[in-house]
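Peer 1: Dumping the structure here so I can ask a few things about it.
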Amino acid sequence: MLAFQKVDKPTAGKNKIHLDLDASDLDSEVDRLVAAGARLIERRGDESFRWVTFADPQGNEFDVAEHG
């Protein structure tokens, strides 16, 4: 599924498209993405919903969330 959200005030310096992806095993996906060249920016959320923000080698940010 692909969803679009309208942002009223874009943040300067960030990419125009920000992907939010999901994973069944977030910890394994973090390891896989870092090994593939992604830079981990921040782990977020709590025990009810977790996601991690990354940047690709060109600095474009994206998130990966764990689905239940």
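Rule-based calculations on the coordinates, nothing more; no lab input. Predicted model only: the values in this text are computed from it and were never measured. Note that we place each Cβ from the backbone using ideal geometry, even for glycine, and neighbour counts take in every protein chain shown.
Peer 1: Add -39500 (n - 2.57) for each DSSP H run of 4 or more in the chain, then divide by its residues: what number comes out at 222 nm, to the nearest 500 deg cm²/dmol?
Peer 2: Rounded to the nearest 500, the figure is -4500 deg cm²/dmol.
Peer 1: When only alpha-carbon atoms count, how far does the chain stretch along each of its three principal axes, as whole angstroms with the largest first?
Peer 2: Result for the chain: principal-axis Cα extents of 32, 26, 22 Å.
Peer 1: So how strong a dipole does the chain carry about its Cα centre when Lys and Arg Cβ are +1 and Asp and Glu Cβ are -1, to the nearest 20 debye?
Peer 2: 440 debye
Peer 1: Normalised by the residues of segment 19-66, what does the relative contact order come to in percent, with Cα pairs under 8 Å and at least six apart?
Peer 2: Taking the mean separation of contacting Cα pairs over the length of segment 19-66, I get 43 percent.
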